[in-house]
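Let me begin by presenting the structure, written as structure tokens, before commenting on it.
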Amino acid sequence: MIAFFIRRFRWMLIGAAGRQLAKRLTARQIAEATNELADRLPDRAVSIADALPGDLLRTAGTAQVATRTALKSAQKSRSALQISREAVNSPERARQRLSEMGEEWRTTVAEDDRTLRARLIAITRGRDAATDVLLGGRTSWEDQPLPKVPDSVPPGRHSPRPRRSLVRRVQRSYLQRKHSWQ
């Protein structure tokens with residue numbers, strides 16, 4: 001039966017415990033703010049505040065704690081708003097950055113292509129034509145076909161090797177021994 005009541009009212013119990021904890025923490029902060037305020041005020045002002053009806057210094061300490069709490073909550077809400085704004089704008093910013101990166105890539109590829117074509121044209125047609133291509137002058141490097149590049153040569157040096165003869169035995173797949181001790 002007790003377990004039923006605990007399960008049924010656990011959120012109420014947790015809320016009550018949270019309120020008690022908050023009261024104790026704020027009471028300590030209010031007491032610190034009241035003492036801080038009393039230390040900053042001259043003695044005559046403190047004695048006048050004590051003579052007035054009500055606890056004026058405690059009310060001022062409560063107002064000071066409330067002000068600090070409001071400022072902290074405003075800063076946190078501002079930072080949360082900024083984070084949410086960045087989260088909303090981040091896909092747009094990412095798309096923009098991707099398009100900028102694509103444009104940078106296309107520009108770099110075009111410059112590299114122009115440089116390589118200018119080097120090839122410098123070898124085949126001369127330096128003046130290469131400079132004209134590199135600077136993007138009258139003769140466009142896109143209009144002129146590039147000279148045909150010969151096919152690749154197989155790497156290494158070709159050396160003919162004599163064919164090794166098989167050993168004359170019953171099974172002809174054996175190779176001759178290289179060394180006499182084998």
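The values are calculated or read from the model by the stated rules, or taken from the named source; none is laboratory data. Since the structure is predicted, the reported quantities are computational estimates derived from the model, not experimental observations. FYI the Cβ positions are ideal-geometry reconstructions off the backbone, even for glycines, and counts take in every protein chain you see. Heavy atoms of the whole protein, side chains included, go into the accessibility calculation; ligands, DNA and RNA do not. Shrake-Rupley method; radii C 1.70, N 1.55, O 1.52, S 1.80 Å.
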Checklist entry - With the contact rule set at Cα under 8 Å and sequence spacing of 6 or more, what percent relative contact order holds for the chain? => result 9 percent
Checklist entry - In the chain, what percent of the accessible surface is made up of carbon and sulfur (1.4 Å probe, ligands and nucleic acids excluded)? => result 58 percent
Item to check | Gain in span if fully extended, residue 92 to residue 114, counting 0.36 nm per residue against the direct Cα distance | outcome: 4.6 nm
Next on the checklist: Within the chain, which is the longest segment that contains none of the chymotrypsin sites (Phe, Trp or Tyr not before Pro) sitting in a DSSP loop with at most 11 other Cβ atoms within 10 Å?
Outcome noted: 1-173
Item to check | Theoretical gain in end-to-end length, residue 135 to residue 158 [0.36 nm per residue, Cα-Cα removed] | outcome: 3.9 nm
Next on the checklist: Using the Cα centre of the stretch 18-96 as the reference point, and only Cβ charges (+1 on K/R, -1 on D/E), how large is the resulting charge dipole? Debye, rounded to the nearest 20.
Outcome noted: 520 debye
Next on the checklist: Need one number: nm distance between label points at residue 35 and residue 180, each 7 Å from Cα along Cα→Cβ, rounded to one decimal.
Outcome noted: 10.6 nm
Item to check | Gyration tensor (alpha-carbon) shape descriptor, the stretch 49-98, a/c threshold 1.5 | outcome: prolate
Checklist outcome for this item: With Rg from the Cα atoms and Rh as the Kirkwood inverse mean 1/r over Cα pairs, the chain has an Rg/Rh of 1.55
Checklist entry - Relative to the present Cα-Cα distance, how much length would full extension add between residue 70 and residue 4 at 0.36 nm per residue of separation? => result 19.8 nm
Checklist entry - Which lysines, on any chain, are close to residue 76 with Cα under 22 Å apart, when same-chain ones fewer than 8 places away are left out? => result 23
Item to check | Computed accessible area, residue 2, all protein chains, 1.4 angstrom probe, square angstrom | outcome: 130 Å²
Next on the checklist: I need the phi-derived Karplus couplings for the stretch 120-130: 6.51 cos²θ - 1.76 cosθ + 1.60, θ = phi - 60°, integer Hz, Gly and Pro marked x.
Outcome noted: 5, 5, 4, 6, 8, 10, x, 5, 5, 5, 5
Checklist entry - How would you order 90-101, 108-119 from highest to lowest mean count of nearby Cβ atoms within 10 Å? => result 108-119, 90-101
Checklist entry - GNM on the chain, C-alpha springs below 10 Å: top fluctuator among 76, 23, 148? => result 148
Item to check | Solvent-accessible area of residue 79 with every protein chain in place, 1.4 Å probe, in Å² to the nearest 10 | outcome: 50 Å²
